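Trainee: Pasting in a structure now, in structure tokens, and then I'll have a few things to ask.
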Amino acid sequence: EAKNRRQIQTQLKRRSNCRFCCLIQKFICVCARMHLCIRVCLWLCRTEDEDGEENLMENPYSVKLEFVDDPNFKNKVNYSYSAVQIPTDIYKGSPVILNELNWTQALERVFIDNRREDSSLRWQVFGSSTGVTRYYPATPWRAPNKIDLYDVRRRPWYIQGASSPKDMIIIVDVSGSVSGLTLKLMKSSVMQMLDTLSDDDYVNVARFNEKADAVVPCFKTLVQATMRNKKIFRESIMNMQAKGTTDYKSGFQFAFEQLLNDTGAPRAGCNKMIMMFTDGGEDRAQDIFEKYNWPNKTIRVFTFSVGQHNYDVTPLQWIACANKGFYYEIPSIGAIRINTQEYLDVLGRPMVLAGPKAKLVQWTNVYQDALGLGLVITGTMPVFNLTADANSQLVLGVMGVDVAINEIKRKTPTYRLGANGYTYAIDKNGYLLLHPNLQPKIINFREPVTLDFLDAELEDSKKEEVKTDPDVVLCLSHHSSLGLVLPTYSENHIKANLSDQILQVQYNLPLSVADFESLLPNSFESEGHVFIAPREYCNELELSNNNTDFLLNFIALMEKVTPDSKQCDNLLLHNLILDTGIIRQLVEKVWKTKDLTTLVASCPGSLSITFNVVLILRAAETWEEDPEPFNASYYRRSLDNKGYIFRAPYLNDELLNPENDTIGILVSTAVEITVGGKTIKPAVVGVKLDLEAWVDKFKILASNQTSPTSDNRQCGPTSGCEMDCDANSEDLLCYLVDDGGFLIMSNQKDYWNKIGMFFSEVDPYLMHALYNNSFYNRKQSFDYQSVCDPVPSSNTGAAPRGVFVPTIADFVNLAWWTSAAACGHLYLAVTCIVFVLYCCCFNKNEIQMYLSLSVVDEVEAEGMDSRETSCVTIQTQFYFTNINSSYDILQDCGNCSRLIHAKRLNNTNLLFVVAEKMPCNTCEVEKLSQAETESTEVQGRPRYCRHC
């Protein structure tokens, strides 16, 4: 108590020393644009004297904690204590906060006991309605050197747990009296109000003066408060302009009709409310309330008086009180965050009265943990004040327990489903909780990761049923559903056991370490290069991206444990042991007799769909594939397609320079066997071909020659070699193009450095002819997790544009001192001095709060300082049609024409194309492209604009 009294007395002393602080606030918006003022202010805050904030290390009541690294939390933690975070704009010494800290201290013992019962628990958090966050285990807060805008009441998990679903209409006064700073405050207030909504809520925003209309014409009724829809709202809100006269009746009539008219569109169906933002007025719109809302008052009305003005606020107070709402004032930017979330306390009272029915565990969307755990979902439950005092029966806060997405992935049977099988989970809104394509490239801890199931898949009619058909997915609860995608060839597998007599003879169990030492580099000449998939075969196995280091770690562990050890995944380890034996037999009996550059085998364990080993014979120093086969494109494509799959190196591979090295073309195919009428694909084998040698052999096959040493015959009218790729190589173009439209081979050596490029970049006219004659189709898909460069703002730069900086010559010029520019600079200088004085009145946290809200483009909060932004991009993919026969095409370019012959090669993913060289330089055709392009507006996407 003595400590609390000293803190309060210190704060009162600081504020009484600057009685004119309230007058200085109005100058902030002007001087905050001046970098020098901000830097001086922050310097003053950092060099506070003894009247400033206490140094915790010198405080005898403080506790110095020791933290230890914990990989489970990806952080330094202390399991003996919990920690507390308080928002920047809340005074830490206020009686409310001190009382909150006192009674939540009892949660620390509960957190510790919970962890003792279940060591797999991650962050345990209590978020208070006053803004205090208590979390366990204790860890240093992650934003010590930046403006900390974290407020638990704005976090997705708190919003979903603290209130029941809402239907909300926001009406904004845009009459002529709302202009300048008031209009800016109003826009900011509305956008902050949108941040209090979650995906469980539905909302629409309208502007009104003499008449009312939706700010987004697309949204004819309430729409789900998703991140995408709220982004659209924000863009439209920023474009609002003030004009006309105020008519409250038009705004309220629009709002009531939206809430009461049953259009069949989805609604939350729980709380209904209207939020009105205005600068004031005399009208009470009583006849509108009598018509739509009285006497039942099923719709609450909250009113907000925005800006500093002399209007009578009595009508606004009456409107709110007459419709079971509340009235709030937002005189300055510092009041926005607090007053736009106070209504949640009002909505919490019905939840308290509902008792146990309202105390249900809710699971959030996926979002980024603020303490570094990565992507998580949180189970939440509201905490009620159940005292006898009716006025105190409020939601005290929300309890939450985090579950890391990576831990959920580890629980799924990934390696039993095969490379192209996977599990997924979706919540009640259709958003993904778990999916291999849930990979956000930019993580913003202030926003949840909301990816619709249909946006992560190539859409078709069957997948539309997944979100609604209970027979397709397994209902885990009323919050989420679990589904499984499994290719037909992965539905069955044969499992062998290491106890089989043959394996006992081969390995002479128990295993000898020497059996694994043949995998090391010193055995490469005799055994071939071996890559082991970097998986967690045992708990103590140290993973490494370097294959040799991983092999050494694995062999060292095998000296200590047996394959049946409890600390190991027996299925994975048994399959790995079996794979090594199969690979060794393949090398001894087959590969050593072949004269090929590089041989590849992807061998399964126990002839099951589990795959552990990749073996490369010769030339393995140029092997660029992912050692994890489930991530290797050649392996996955070979399983999903029949025949031989040809794949050129990626464009960023160093192998694309034929002068420095050879270009390798990887050819792979799946091993397909049938046992008992069931077809399985237990392995993938392949070969890497040297491009130059392959082209020489291919030209022989595509000509009338029988060997590379035979004489080139002269072609004539009767020779029958018009399509001879070798004899007419100067006039005839021969290509092999894969099923995606990428160049695999050309008889033109000048094109070898273009191997792997999209064919339209090599010969745009020929690619267009193939597409125009239905050899290829194209499909567009949308990537909602892309990263785009930021759009440059008009005022970027070291100083605001349009500001004249006087030189020395200006200062010595008498005429300049009498100019308007001089007056402006003197005004800013005086304002800056006043602002610096203002810095003396409040502590560092308060100054940072004002700066963060008023100088958004100068200072960025943690998690928002990325130079890139998330966006939606369009991806165009090309694929083969069902044409299998050969075709002769005449391409007419107006001034010239040429003959083209194209044929699909059986049992491969290749198209053989022979064409005459273009006799003219131009041809008016569309240049096809499969490069990603940013989408400014997604047309016809019902999930992006749900109710258009």
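The values are calculated or read from the model by the stated rules, or taken from the named source; none is laboratory data. The shown structure was predicted, so the numbers you read here are calculated from the model rather than taken from an experiment. We place every Cβ from the backbone using ideal geometry, glycine too, and count neighbours over all the protein chains shown. Note: accessible area is taken over every heavy atom of the protein model, side chains too, but ligands, DNA and RNA are not part of it. Shrake-Rupley method; radii C 1.70, N 1.55, O 1.52, S 1.80 Å.
Trainee: Against the condition at pLDDT 75 or above, in contact with a helix residue (DSSP H, G or I) (Cβ under 9 Å, 6 or more places away or on another chain) and either open to solvent by less than 40 Å² (accessible area, probe 1.4 Å) or more than 30 Å from Asp151 (Cα to Cα) (or both), how does Cys923 come out, does it pass?
Mentor: When the stated conditions are applied, Cys923 passes them.
Trainee: Out of the stretch 374-394, which residues are within 15 Å of the chain's Cα centre (by Cα) and modelled with pLDDT of 85 or more?
Mentor: Leu375, Val376, Ile377
Trainee: Could you grab me the full set of residues in the stretch 733-757 that are outside any loop (DSSP other than H, G, I, E, B) and closer than 22 Å to Asn906 by Cα?
Mentor: Scanning the stretch 733-757 gives Leu733, Cys734, Tyr735, Leu736, Val737, Asp738, Phe742, Leu743, Ile744, Met745, Ser746.
Trainee: Tell me, which strands (runs of 3 or more DSSP E) lie completely within the stretch 352-429 with 2 or more residues that are under 30 Å from Leu639 (Cβ atoms)?
Mentor: It comes to 422-427.
Trainee: Out of (1) of a type in the set (A, V, I, L, M); (2) assigned to a loop (DSSP other than H, G, I, E, B); (3) touching an Asp or Glu at 6+ places or on another chain (Cβ under 7 Å), the odd one out for Leu121 is which?
Mentor: So Leu121 meets the others, but not (3).
Trainee: Follow-up. Going through the stretch 674-698 one residue at a time, which ones are open to solvent by 40 Å² or more (accessible area, probe 1.4 Å) and basic (Lys, Arg)?
Mentor: Within the stretch 674-698, Lys678, Lys697 qualify.
Trainee: What number of residues within the stretch 151-181 satisfy the criterion of being assigned to a loop (DSSP other than H, G, I, E, B) and open to solvent by 20 Å² or more (accessible area, probe 1.4 Å)?
Mentor: The number of residues fulfilling the criteria is 6.
Trainee: Moving to a separate point now. Considering each residue of the stretch 110-128, count those that are open to solvent by 30 Å² or more (accessible area, probe 1.4 Å) and at pLDDT 90 or above, and give that number.
Mentor: Of the residues in that region, 6 qualify.
Trainee: Here are the criteria: (1) among the basic types (Lys, Arg); (2) open to solvent by 20 Å² or more (accessible area, probe 1.4 Å); (3) in the same structural domain as Leu375 (by the TED database). Tell me which single one Lys184 does not satisfy.
Mentor: (3)
Trainee: Which count do you get for residues in the stretch 638-649 that are buried (at least 19 other Cβ atoms within 10 Å of the Cβ) and under 10 Å from Ala419 (Cβ atoms)?
Mentor: 2
Trainee: For the stretch 169-186, give me the residue count where each residue is closer than 18 Å to Arg337 by Cα and touching a strand residue (DSSP E or B) at 6+ places or on another chain (Cβ under 8 Å).
Mentor: 5
Trainee: Within the stretch 369-402, work out how many residues are in contact with a Gly (Cβ under 7 Å, 6 or more places away or on another chain) and open to solvent by 30 Å² or more (accessible area, probe 1.4 Å).
Mentor: Selection size over the stretch 369-402: 4.
Trainee: Residue check: is Phe233 under 29 Å from Gly280 (Cβ atoms), open to solvent by less than 20 Å² (accessible area, probe 1.4 Å), in contact (Cβ under 8 Å) with a residue 12 or more places away in the chain and not in a loop (DSSP other than H, G, I, E, B)?
Mentor: Considered against the rule, which asks whether it is under 29 Å from Gly280 (Cβ atoms), open to solvent by less than 20 Å² (accessible area, probe 1.4 Å), in contact (Cβ under 8 Å) with a residue 12 or more places away in the chain and not in a loop (DSSP other than H, G, I, E, B), Phe233 comes out as yes.
Trainee: Need at least 1 residues that are at pLDDT 70 or above and aliphatic (A, V, I, L, M) per element, so show me which strands (runs of 3 or more DSSP E) inside the stretch 552-650 make the cut, counting only ones lying wholly within it.
Mentor: 645-647
Trainee: So, in the stretch 87-110, exactly how many residues are touching a Ser or Thr at 6+ places or on another chain (Cβ under 6 Å) and closer than 24 Å to Gln160 by Cβ?
Mentor: The qualifying residues number 1.
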